[in-house]
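Here the structure comes first, spelled out in structure tokens, and everything after it is commentary.
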Amino acid sequence: MSPRIHSQAPVAVEQLVKVYKAVTAVDGITFALTPGAMTALLGGNGAGKTTTIASIMGLVMPTSGRVSVLGSDMTRHRYRVLHRMNFESPYVEMPMRLTVRQNLTVFGRLYGVDDLAERIAALAAELDLTDLLDRPAGKLSSGQKTRVSLAKSLLNRPEILLLDEPTASLDPDTADWVRGRLERYRDARGATVLLASHNMSEVERLCDRVIMMKQGRIVDDDTPARLLERYGRRTLEEVFLDVARGRAHLSEAAQ
Amino acid sequence: MSFSLRRVGAMVLRYWYLLRSSWARLLELIYWPAVQMVMWGFLQTYLVEHTSLVARAGATFIGAVMLWDILFRGQLGFSISFLEEMWSRNLANLMMSPLRPVEFIAALMIMSIVRLAIGMVPVSFMAIAFFGFNVWGLGLALAAFFANLMLTSWAVGILVSGLVLRNGLGAETFAWSIMFVLLPLSCVYYPVSVLPDWLQLVAWALPPTYVFEGMRALLISQVFRPDLMLQALALNALYFTAAAVAFLALLNSARRQGSLLQTGE
């Protein structure tokens with residue numbers, strides 16, 4: 001992709017390399033996200049997904065290469081755009097002794113959300129949290145915690161939403177419910193979403209595009225339908241296994 | 001986006017919510033300063049009755065205890081608020097929010113004063129009731145002592161927070177222990193002249209030494225020494241700036257090492 005296209009993309013990653021001591025976590029990857037699209041970042045454990053997402057947020061400084069979000073270099077100017085993006089992960093918790101309302105109030109103020117009380121009430125209604133607002137976050141089930149974390153990530157109506165396994169450890173019903181809310185948000189806001197997931201049916205349902213990573217490199221990048229066609233598989237899970245186990249046999253038609 | 005009081009206020013609110021949620025946390029803020037003050041107060045009462053030197057020294061023991069607690073608990077209040085983010089695994093949420101490091105530090109400084117006030121104000125009234133020692137009677141001198149001690153406690157708190165940020169909770173022990181290095185060196189309970197010559201050089205490099213010397217001059221000779229306070233202020237400005245620079249360097253190092261997402265041990 002040309003540098004010109006990258007500079008206009010909501011998220012542009014160019015020749016990103018991240019080395020931790022002797023371990024190369026990300027090895028020269030380049031991609032740009034399409035505005036309003038939901039893109040999946042797939043790969044096995046240690047493929048470099050989390051480092052990539054952390055670099056996009058500016059939490060990790062690249063060894064070399066460049067990450068820009070909404071036109072700002074995330075190594076040097078991340079504070080110009082952090083209020084326009086947000087992140088959700090079940091692995092990053094919210095203060096457990098604070099109630100859900102207190103947590104959302106604190107983060108709402110950090111993000112400079114206007115009419116915060118109304119926004120919290122609306123999100124609580126949308127995410128079925130109204131009855132939980134005055135309960136300590138630490139006393140919630142994992143499904144409820146995920147919904148609170150999702151509410152936090154949507155508080156500032158982000159243009160860029162980064163999700164790290166948003167439905168991990170949820171029962172199928174709750175996971176399906178969360179996916180529905182994410183779809184609705186993307187459609188209503190026109191947000192650009194990057195989703196790291198191990199759930200292939202989730203990716204097939206939600207994502208317009210799949211970037212597959214292995215050992216810090218991008219090994220494929222296409223729409224779910226095109227990947228299925230090219231690999232001659234019926235599900236993304238089969239494609240994922242082909243890539244993860246190094247038996248990528250593209251179908252003759254696709255070749 | 002520049003410095004935002006709104007974001008500082010959000011963080012202060014976060015810690016206030018936390019304090020409010022636990023009576024044990026609130027009680028602990030008063031408990032230790034009260035125990036310290038009562039113990040040293042009675043020891044001083046005993047020594048005054050049996051030693052002419054201590055009788056002349058007046059309330060220096062109890063005054064030293066209270067000023068030491070400002071220094072120690074000021075740093076602890078700063079560091080514990082920071083550690084709360086590590087313990088609750090909330091640091092990544094904050095670091096990817098628009099909260100700037102300088103706003104984070106400002107909120108921690110405010111919380112160290114809030115926590116100190118919750119502990120020390122009741123204890124100061126207990127000192128009046130039990131031993132007739134009125135720390136508020138020191139007037140402007142108390143303000144000078146307080147400002148200098150708080151600046152030192154913040155400088156140490158900022159440095160410790162940077163170390164924990166960079167090295168994870170394995171460095172937590174610094175938060176609890178680092179200030180005790182200053183206890184003998186800054187001459188809390190005895191004059192600097194007691195130290196060997198070479199150690200006096202070290203003592204005079206520490207801002208609290210000037211405060212404790214100033215307190216003794218005030219309580220024993222009834223002389224306020226502004227020269228000592230100004231020297232302490234100059235050293236504090238130097239150490240505070242150095243600590244802030246170190247914090248930013250450690251934060252950048254944490255970003256290079258990827259340790260902001262992994263905030264365990």
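The values are calculated or read from the model by the stated rules, or taken from the named source; none is laboratory data. Since the model is a prediction, treat every value here as computed from it, not as a measurement. No Cβ is skipped: glycine too gets one built from the backbone with ideal geometry, and neighbour counts run over all protein chains shown.
B:TRP16 falls short on exactly one of the conditions (1) surrounded by 14 or more Cβ atoms within 10 Å (Cβ to Cβ); (2) among the aromatic types (Phe, Trp, Tyr); (3) more than 16 Å from B:PHE104 (Cα to Cα), and that condition is (3).
Looking only at the stretch A:209-220, which residues are in contact (Cβ under 8 Å) with a residue 60 or more places away in the chain and buried (at least 16 other Cβ atoms within 10 Å of the Cβ)? Result: A:ARG209, A:VAL210, A:ILE211, A:MET212, A:MET213, A:LYS214, A:GLY216, A:ILE218.
Among the residues of the stretch B:1-20, those identified as closer than 22 Å to B:ALA117 by Cβ and not aromatic (Phe, Trp, Tyr) are B:LEU5, B:VAL8, B:GLY9, B:ALA10, B:MET11, B:VAL12, B:LEU13, B:ARG14, B:LEU18, B:LEU19, B:ARG20.
Here A:SER169 clears all of (1) of a type in the set (S, T, N, Q); (2) within 17 Å of the chain's Cα centre (by Cα); (3) surrounded by 15 or more Cβ atoms within 10 Å (Cβ to Cβ) except the condition numbered (3).
With respect to B:SER97, determine if the residue is crowded, with 19+ Cβ neighbours inside 10 Å, more than 22 Å from B:ILE220 (Cα to Cα) and out of contact with any helix residue (DSSP H, G or I) (no Cβ under 8 Å at 6 or more places or on another chain). Against the criterion (crowded, with 19+ Cβ neighbours inside 10 Å, more than 22 Å from B:ILE220 (Cα to Cα) and out of contact with any helix residue (DSSP H, G or I) (no Cβ under 8 Å at 6 or more places or on another chain)), B:SER97 does not qualify. Does the stretch A:225-238 hold any residues that are free of Cβ contacts under 8 Å to residues at least 24 places away in the same chain and either outside any helix (DSSP H, G or I) or surrounded by 17 or more Cβ atoms within 10 Å (Cβ to Cβ) (or both), and which are they? Of everything in the stretch A:225-238, those that are free of Cβ contacts under 8 Å to residues at least 24 places away in the same chain and either outside any helix (DSSP H, G or I) or surrounded by 17 or more Cβ atoms within 10 Å (Cβ to Cβ) (or both) turn out to be A:LEU227, A:LEU228, A:TYR231, A:GLY232, A:ARG233, A:ARG234.
For the stretch A:67-120, give me each residue that is within 8 Å of another protein chain (Cβ to nearest Cβ) and free of Cβ contacts under 8 Å to residues at least 24 places away in the same chain. Hits for the stretch A:67-120 are A:TYR79, A:ARG80, A:GLN102, A:THR105, A:VAL106, A:ARG109, A:LEU110.
So which residues in the stretch A:21-68 are among the aliphatic types (A, V, I, L, M), out of contact with any Leu (no Cβ under 9 Å at 6 or more places or on another chain) and closer than 15 Å to A:VAL193 by Cα, if there are any at all?
Going through the stretch A:21-68, the residues among the aliphatic types (A, V, I, L, M) turn out to be A:22-23, A:25-26, A:29, A:32-33, A:37-38, A:40-42, A:47, A:53-54, A:56-57, A:59-61, A:67.
Going one step further and asking which of them are out of contact with any Leu (no Cβ under 9 Å at 6 or more places or on another chain), we end up with A:22-23, A:25, A:32, A:37, A:61.
Answer for the stretch A:21-68, where residues must be among the aliphatic types (A, V, I, L, M), out of contact with any Leu (no Cβ under 9 Å at 6 or more places or on another chain) and closer than 15 Å to A:VAL193 by Cα: A:ALA32, A:ALA37.
What's the total number of residues in the stretch A:21-49 that are free of Cβ contacts under 8 Å to residues at least 24 places away in the same chain and not polar (S, T, N, Q)? The number of residues fulfilling the criteria is 3.
Do the conditions hold for B:VAL245, that is, is it of a type in the set (A, V, I, L, M), more than 14 Å from chain A (Cβ to nearest Cβ) and more than 30 Å from A:LYS21 (Cα to Cα)? So B:VAL245 does not fit the description; no. Per the listing B:MET37, B:MET86, the residue uniquely buried (at least 22 other Cβ atoms within 10 Å of the Cβ) and either part of a helix (DSSP H, G or I) or of a type in the set (Ser, Thr, Tyr) (or both) is B:MET37.
Screening the candidates A:THR174, A:THR223 for the property of being of a type outside the set (Asp, Glu) and more than 30 Å from A:LYS18 (Cα to Cα) yields one hit, A:THR174.
If you go through the stretch A:76-131 and pick out every residue that is surrounded by 21 or more Cβ atoms within 10 Å (Cβ to Cβ) and of a type in the set (Asp, Glu), you end up with 1. Each residue in the stretch A:6-21 was checked for being more than 13 Å from chain B (Cβ to nearest Cβ) and loosely packed, with under 15 Cβ neighbours inside 10 Å, and 3 of them qualify. Of the numbered conditions (1) within 15 Å of the chain's Cα centre (by Cα); (2) within 14 Å of chain A (Cβ to nearest Cβ); (3) free of Cβ contacts under 8 Å to residues at least 40 places away in the same chain, B:ALA117 fails exactly one; give the number of that condition. That leaves (2) as the condition not met.
For the stretch A:203-228, filtering for residues that are touching a Ser or Thr at 6+ places or on another chain (Cβ under 6 Å) and not hydrophobic (A, V, I, L, M, F, W, C) leaves 2. Considering the conditions (1) within 12 Å of chain B (Cβ to nearest Cβ); (2) without any contact (Cβ under 8 Å) to a residue 60 or more places away in the chain; (3) closer than 21 Å to A:ARG80 by Cα, A:ILE160 is excluded by exactly one of them, (2).
Somewhere in the stretch B:58-74, is a residue part of a helix (DSSP H, G or I) and within 14 Å of chain A (Cβ to nearest Cβ)? No: zero hits.
For the stretch B:155-265, the helices (runs of 4 or more DSSP H) that sit wholly inside it and include 3 or more residues that are modelled with pLDDT of 95 or more are B:197-204, B:207-221, B:226-257. Would a scan of the stretch B:256-264 turn up a residue that is under 30 Å from B:ASN93 (Cα atoms), among the aliphatic types (A, V, I, L, M) and touching a residue at least 24 places away in the same chain (Cβ under 8 Å)? Yes: one or more hits.
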